[in-house]
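This report concerns only the one structure given below.
Only the coordinates and a few stated rules stand behind these numbers; no lab work does. For clarity, every value in this text was computed on a predicted model and none was experimentally measured. Methodologically, a virtual Cβ is constructed for each residue, glycine included, from the backbone with ideal geometry; neighbour enumeration extends over all protein chains shown.
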Amino acid sequence: MIGNTPMLELKRLDTGPCRLFVKMESMNPGNSIKDRIAVYMIDQAEKAGSLKPGGRIVEATAGNTGLALALIAAQKGYELTVVVPDKMSDEKISHLRAMGAEVHLARSDVEKGHPEYYQEVAAGIAAADPNAFYINQFSNEANAQAHYETTGPEIWAQMDGDIDAFVSGVGSGGTVSGVGRFLKERNAAVQMVLADPEGSILAPRVNDGLEVKPGSWLVEGIGEDFVPDILDLSLVDSAIAISDEEAFHTARELLRVEGVLAGSSVGTLLAAALHYCREQTEPKRVVTLICDNGAKYLSKMFNDHWMIDQGFIKRERHDNLRDMIGRRHLEKEDYCLTPELPLHLAIKRMRMYNVSQMVILDENEKPLGILDESDVLLAMVHDDANANLPVSDFMTRRLEIVDPTASMNDLVPIFRADRVAIVADADHYYGLITRMDMINSLRQRVR
């Protein structure tokens, strides 16, 4: 079931004079291209005697390799421990745990060599367990071999040998090295284009021979702060650096225009492929990958609120406190209550929308009160029957209302008193400002 994924031509995006094809690796059983390498790496470890029956596999992963290993480990009776950077999506982590993997989170703000770097943590866990094998996709030659023997030949066959360029990213280096070597052996003129997140060290090295300090990026599973052992950069002809913002918006456009739900790294690959295609002056046939399924990112790049909080969706500016509101009421981004609503329904909505407080508005959209978790807790501890009483019986009526034209400094005493700021004037209620809203606003200033 792994491999032999279909090739799809994208026809609704602007590809300049080129034709752009995507290999649907998201249709593997584990929903990513990493299924291929998991099979090869486990098989090779078994043949070498490094992985014994009932043993424990340990890996450092952005998530997809872990999911692929979990899929195969469950079938073969191996235990699995994965170490993932703490920037990974909740969906990936929940998925890994649901498949029986033991998950450790490691810091994403440290570089290779630091003891809390995810690969160092994984290596340490494996070293402490004589029954464990650190599979180490970044140095495992079976990784690149999987792509040389499967992905590359499939692309060549599906394109009838007529391919001008292949756009790939580097997660561990296996795809670039394996597919790149296969395609170059068949036709040395095939262009290998590296798609790289801004902040990764690889694009500057490829394009200008520069060794730069790594930055940070939010796209998952692609880009590096070091050169993996199995990565053969001599195969790469050029590199295109893509910002997080462009990657996320490109992935969203892919879903909206082509109906393909794909992961964040696909946004980087597709954005780079589109840049390449639009720069050409003559028709070319270009291939890139749909590396994984976007269902793992619904809480992040496909969530408007997350995109807004990161500054990737631009909103109208007012140059006052309204700009700091995380969920704007006039734009219908927030969730409010009416005074007669039963408390049990308010609890249900707080859980559904994952919020800790909600404003109660009257029939004229004016703030009457605020209900937070403490109010709910006190009401329910006192008497279970309170669940059927209106929220107006339990809401806090002492409100910290600030005018939109007030100073940011006016918010500090409110937060110090463990309250939230309600932004309103004589005409409108605009929304809440929480501590985190203020932090997000200040963080976006210093980017």
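Points to keep in mind about this one:
- Among (1) 23.4, 73; (2) 24.8, 87; (3) 25.5, 77, the entry that matches Rg and Dmax of the Cα atoms in Å as calculated here: (3)
- Helix 373-382 and the longest principal axis of the C-alpha atoms of the chain enclose an angle of approximately 60°.
- Extension gain, ALA385 to ALA157, is 75.3 nm, computed as 0.36 nm per intervening residue step minus the present C-alpha separation.
- Ranked by how many other beta carbons lie within 10 Å on average, peptides 196-205, 422-431, 359-368 from highest: 196-205, 422-431, 359-368
- Alpha-carbon centroid distance for the pair the range 234-279 / the range 371-440, whole angstrom: 41 Å
- Set LYS52/LYS112; LYS34/LYS213; LYS11/LYS314; LYS47/LYS296; LYS87/LYS348; LYS11/LYS112 screened for pairs whose C-alpha atoms are more than 31 Å apart: LYS47/LYS296; LYS11/LYS112
- Ranked by the mean number of other Cβ atoms within 10 Å per residue, highest first, peptides 167-174, 309-316 order as 167-174, 309-316.
- Each Lys and Arg Cβ is given +1 and each Asp and Glu Cβ -1; about its Cα centre, the chain then shows a dipole of about 500 debye.
- By average C-beta atoms within 10 angstrom, highest first, the peptides 234-245, 379-390: 234-245, 379-390
- Karplus-derived 3J(HN,Hα), 6.51/-1.76/1.60, for each residue of the range 156-171, Hz, glycine and proline x: 4, 5, 5, 8, 6, x, 9, 9, 9, 8, 10, 9, 9, x, 10, x
- Residue-by-residue Karplus 3J(HN,Hα) for the range 188-202, coefficients 6.51, -1.76, 1.60, Hz, glycine and proline x: 5, 7, 4, 7, 9, 10, 8, 9, 9, x, 4, x, 6, 7, 6
- Using 0.36 nm per residue and subtracting the Cα-Cα separation, the extra length available between ASP393 and LEU330 on full extension is 20.0 nm.
- Förster radius 30 Å - calculated FRET efficiency between ALA127 and LEU210 (Cβ-Cβ, nearest 0.05): 0.30
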